[in-house]
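Following: one structure in structure tokens, then a few remarks.
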There are 2 protein chains.
Amino acid sequence: MISVVIIGYGNVAHHLVKAFHKAKNVHLKQVYARSIETIEHLKPITSVTNSLELLAEADVYIISVTDDAITKVSSQIIGKNSLVVHTSGSVGMNQLKNSGRKGVFYPLQSFSKAKEVDFATIPFCLEAENDKDFQLLEALAKAIGEKVYHITSLQRKQLHVAAVFVNNFVNHMYKIGYDICNQHNVPFEVLHPLIEETSRKIQHISPDKAQTGPAKRNDVLTIENHLKMLNEEQKNIYKILTNSIKNGEKL
Amino acid sequence: MISVVIIGYGNVAHHLVKAFHKAKNVHLKQVYARSIETIEHLKPITSVTNSLELLAEADVYIISVTDDAITKVSSQIIGKNSLVVHTSGSVGMNQLKNSGRKGVFYPLQSFSKAKEVDFATIPFCLEAENDKDFQLLEALAKAIGEKVYHITSLQRKQLHVAAVFVNNFVNHMYKIGYDICNQHNVPFEVLHPLIEETSRKIQHISPDKAQTGPAKRNDVLTIENHLKMLNEEQKNIYKILTNSIKNGEKL
């Protein structure tokens, strides 16, 4: 049985609380949040506190707060010799400033409170200072999930940038497509199968081989026609991405 | 029974030939290609030709050639009073220059010859000059698929630009993510679940509501750190898309 305290109650923490509560080999001892109101509803399943001085004893402390607050919060975990980890994709392990052992427990997925999460499909990117702690984190991840990767702080930072491209920027491409459809009374659902296929394709062939379209074909006429239909911001993005695809073709 | 002649043998035509051949209510009478070698293997299932003067009689002629060639090819379909359609997302119906009836039969999906296609999931964007011809195209689409939309030439052009964003540009975001992972020996598969989730999410909530990440949060520190890790081209794209997401937030 691994005992856990979760510090913070954002989207990631919300889903971890639910998953750890259900997990057989995990004892969720406590949840901390700055404002107690946000976690009072958890009282039936775990202890809650808004004081870092009143943290319960546990094997692992999971700090799941905004990136900027990780260092400060970790420095306030006093007198605990346990493993302290954060759940961030972009913060180095050594930015933890607790006095004891350090690690990272980063579930690589986009979380929103409203949407159910299946941890079985989510890659856990783990890091620790030594093998024993890594194994502890691995056991914790496997209590709620299946996919575990050893990812160093440097690799994780790179992964996080990559994730911005394949998640946030991809979503922004969807948003532009959505805006164009809306403006012309075309149901966005017409594009759903294409969106699904595009995302599925790269699970089998690499994205550079999967590319199609006017930029890849250097179809100048179509590109010109497209540019005429876009607003300034869309046009700017269209040009830059078209050129970037073309550059890739030249290499 | 609807009789069909397919003109051209690119990716779309390849899959239409297979689907029409299997369809109960369609008689695939002939396939045309400029070089006969590319279609000779179709002889067991249909007639083949490399001469537009030798086209068989049919209810519908489907021109599935490169966009630039549609006008010219259609003008060479002489003495046929049947319905002539093209399969392009970006060419207007009136760019068909056959003497008779005109229409559009545009299956909105990204096709590659190597990959099987399930037409049941693909939206057919149809257009015709009159109701009767629209119904003919609808029957043809429903012989191999399920989803039919009436999309005007103007709407289709807009859809095509939107498709460049949600397919080609999205794929380019995947490519950049792939490059970053490769460079740092991180398996790209770590990002697969995130990619899937991102594409699935917008089938339930609109993309503007689905957005997360440093640009949306205006997390200046993370954005600065990310920019340091990218090459010039990636940096340029990162900046422009981050600003565009921020702009959306302000509206």
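Okay, here's what the table says:
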item	result
Within a Gaussian network of chain B (alpha carbon springs, distance under 10 Å), most fluctuating of B:Glu138, B:Glu116, B:Glu57	B:Glu116
Chain B: calculated mean residue ellipticity at 222 nm from DSSP helix runs of at least 4, using -39500 (n - 2.57)	-12500 deg cm²/dmol
Listed pairs A:Lys175/B:Lys113; B:Lys43/B:Lys72; B:Lys22/B:Lys80; A:Lys102/A:Lys175; A:Lys29/A:Lys132; A:Lys97/A:Lys201 exceeding 31 Å between Cα atoms	A:Lys102/A:Lys175; A:Lys97/A:Lys201
Extension reserve of the A:Ile78-A:Thr66 stretch, reckoned as 0.36 nm per residue once the Cα distance is removed	2.3 nm
Simple label model, 7 Å out from Cα along Cβ direction - B:Lys142 to B:Gln183, nm	5.3
Inter-copy label distances at B:Arg34 (7 Å, Cα→Cβ; nm, one decimal)	6.5
Cα-Cα pairs of chain A separated by more than 30 Å (percent)	41
Relative contact order of the stretch A:156-250, pairs being alpha-carbon contacts under 8 Å that are 6 or more residues apart, as %	19
With Cα atoms, 0 to 90° folded angle of helix A:170-183 axis to chain A main axis	50
Pairwise Cα inverse-distance average, inverted: Kirkwood Rh of the protein assembly as shown (Å)	25.2
Distances in nm from A:Lys235 to the matching label points in the other copies, shortest first (labels 7 Å along Cα to Cβ)	2.7
Vicinal HN-Hα couplings computed from phi for the stretch A:80-94 (Karplus, 6.51 cos²θ - 1.76 cosθ + 1.60; Hz; Gly/Pro x)	10, 9, 7, 7, 10, 10, 10, 10, 9, x, 10, 10, x, 4, 6
Kirkwood-based shape ratio for the stretch B:2-151, expressed as Rg/Rh from alpha carbons	0.92
Size of charge dipole - the protein assembly as shown - debye, nearest 20, with Cβ of Lys, Arg +1 and Asp, Glu -1, no other charges	60
Quarter of Cα convex hull surface for the stretch A:74-157, i.e. mean projection, nm²	5.8
Length-normalised contact order for the stretch B:2-151 - Cα pairs under 8 Å, 6+ apart - percent	20
Residue exposure sequence - B:His192, A:His21, B:His204, B:His14 - by fewest surrounding Cβ within 10 Å	B:His204, A:His21, B:His192, B:His14
Scattering curve values for the stretch A:156-250, log₁₀ I(q)/I(0), Debye with Cα scatterers, q = 0.11, 0.17, 0.23 Å⁻¹	-0.38, -0.95, -1.55
Linear extension gain, A:Ser153 paired with A:Ile36, 0.36 nm per residue minus alpha-carbon span	38.9 nm
Estimated FRET transfer efficiency (A:Lys43, B:Ile45; beta-carbon r; R0 60 Å; 0.05)	0.30
Chain A: antiparallel DSSP beta bridges as a percent of all, rounded to 5	15
Shielding by partners, peptide A:205-217 (average Cβ within 10 angstrom, other chains)	6
Relative contact order %, chain B, counting alpha carbon pairs below 8 Å whose residues are six or more apart	12
Two-site FRET efficiency, A:Glu116 against B:Leu54, from Cβ-Cβ distance with R₀ of 56 Å, rounded to 0.05	0.40
GNM top mover of B:His172, B:His184, B:His41 - chain B, alpha-carbon springs below 10 Å	B:His184
Cα centroid separation - the stretch A:218-249 against the stretch A:14-30, whole Å	48
Angle in degrees between helix B:131-144 and the longest Cα principal axis of chain B, rounded to the nearest 10	70
Axis-nearest residue of B (beta carbon) for the B-onto-A rotation, whole Å	B:Ser199, 2
A:Gln203-A:Lys97 FRET efficiency (beta carbon distance; Förster radius 45 Å; 0.05 resolution)	0.70
Residues B:Tyr61, B:Tyr106, B:Tyr178, A:Tyr32, sorted so that the one with the fewest Cβ neighbours within 10 Å comes first	B:Tyr178, B:Tyr106, A:Tyr32, B:Tyr61
Shortest-first nm distances, A:Asn94 label point to equivalent points in other copies (7 Å, Cα→Cβ)	6.8
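FYI, it's all coordinate maths here, none of it is from the lab. Values in this document were obtained by computation on a predicted structure and should not be read as measured data. Glycine also receives a Cβ, built like all others from the backbone with ideal geometry; neighbour counts cover every protein chain displayed.
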